[in-house]
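Student: I'd like to ask some things about the structure below.
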Amino acid sequence: MTAEGEGHATMTVQLYARDIGAGTPLVLLHAFPLSSAMWLAQREGLAGRFRVITPDLRGFGGSVLGDDPPSVDAMADDVARMLNQLGLPRAVVGGLSMGGYVAMALCRRHPDLLLGLVLAGTKAAADTETARATRIRQAERLEGDGDVAALIEEVLPNLVGPTTFRQRALVYGRVRGLVQSAPAAAAAWAQRAMAGRDDSFGALRELRVPALVMVGDEDVIATEGDARAMAEAMPNAELMVIPRAGHLCAVEQPDLFNQAVAEFATALARAPQ
Ligand code: MLT
């Protein structure tokens, strides 16, 4: 057992990560129920300027699930351990949706690892009772079915916005393929983890590094209001609303997303530490 940060001890899970490029390390944490495969356009578009590290969170892609009770904090500890093993004292950390919850848990538990924070399509509030009940019901269905029908029916429809659904068939097809390949057990575990996650507004208020908040203007899972609330909570944050993008703004509008991240990370690398 390895005890890290505050709270309960977590088992060691070695994250599989795609690691490409050189320069300021940029760690990107994927959404639910996807994997590091969702960051293809970021690896292609940003690795010429940064070291882009995209891990598969526990149970997804090439990373094993482990035996720990469901917890977003455990996922954050995995990322902290990965950075440690890579010998990286600090990194720009970005997360989309579930990845954002993990990035915010990292702010709470391992703030010294952050050089800057990127939060996209995510929210700092903990779940409402209704949202929690929906997650638990979905987790039970995933465990009972042993397949991802629940995700295809209930999660996929809101992952992309109407513009992508109508006009970007290849993007929608890729997202659907990623959802279909999610392991049911990992998805159930992650739903339970997200249901139990803490409110992160306190950690955002305490943040000592610059932040970039992004949200698609067609996102119905994490709204512009959620994004604005996070940006306002942080001492030094900018907000960007990405047009014609839904929840997966980095996948739906990769050029706009990449440009914003590149400008943010370049400015950070230039700023005196
Ligand atoms: C995600 O995209 O990671 C999920 O929508 C997060 C959530 O269910 O809250």
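The values are calculated or read from the model by the stated rules, or taken from the named source; none is laboratory data. From a predicted model like this one, the values you see are computed outputs, not experimental measurements. FYI the Cβ positions are ideal-geometry reconstructions off the backbone, even for glycines, and counts take in every protein chain you see.
Student: So which of Arg109, Arg141, Arg137 ends up being touching a Gly at 6+ places or on another chain (Cβ under 9 Å) and at pLDDT 95 or above?
Tutor: Arg109
Student: State the number of residues belonging to the range 185-210 that are crowded, with 21+ Cβ neighbours inside 10 Å, under 27 Å from Gly62 (Cβ atoms) and among the aliphatic types (A, V, I, L, M).
Tutor: Adding up the residues that qualify gives 6.
Student: Still on this structure, I have one more. With Val175, Val160 as the choices, which residue is within 13 Å of the ligand (Cβ to nearest atom), at pLDDT 95 or above, assigned to a helix (DSSP H, G or I) and at negative phi?
Tutor: Val175
Student: Test each condition in (1) within 15 Å of the ligand (Cβ to nearest atom); (2) within 20 Å of Leu248 (Cα to Cα) for Pro70 and report the one that comes out false.
Tutor: Only one criterion in (1) within 15 Å of the ligand (Cβ to nearest atom); (2) within 20 Å of Leu248 (Cα to Cα) is unmet by Pro70, namely (2).
Student: How many of the residues making up the range 96-132 are within 9 Å of the ligand (Cβ to nearest atom) and surrounded by 19 or more Cβ atoms within 10 Å (Cβ to Cβ)?
Tutor: The total comes to 9.
Student: Would you point out the residue of the range 261-272, among those that are aliphatic (A, V, I, L, M) and surrounded by 20 or more Cβ atoms within 10 Å (Cβ to Cβ), that is nearest to Met240 (Cα to Cα)?
Tutor: Val261
Student: A follow-up question, please. Kindly evaluate Leu65 against the criterion of being over 23 Å from Val209 (Cα atoms), hydrophobic (A, V, I, L, M, F, W, C), within 14 Å of the ligand (Cβ to nearest atom) and modelled with pLDDT of 95 or more.
Tutor: The answer is no for Leu65.
Student: Does Val213 satisfy being buried (at least 19 other Cβ atoms within 10 Å of the Cβ), within 15 Å of the chain's Cα centre (by Cα) and either assigned to a loop (DSSP other than H, G, I, E, B) or more than 13 Å from the ligand (Cβ to nearest atom) (or both)?
Tutor: yes
Student: Further, regarding this structure: Spot the failing condition for Arg90; the list is (1) more than 19 Å from the chain's Cα centre (by Cα); (2) away from the ligand (no atom under 16 Å from the Cβ); (3) not β-branched (Val, Ile, Thr), and only one is missed.
Tutor: (1)
Student: Against the condition within 13 Å of Val261 (Cβ to Cβ) and either within 16 Å of the ligand (Cβ to nearest atom) or out of contact with any strand residue (DSSP E or B) (no Cβ under 9 Å at 6 or more places or on another chain) (or both), how does Ala37 come out, does it pass?
Tutor: So Ala37 fails the test.
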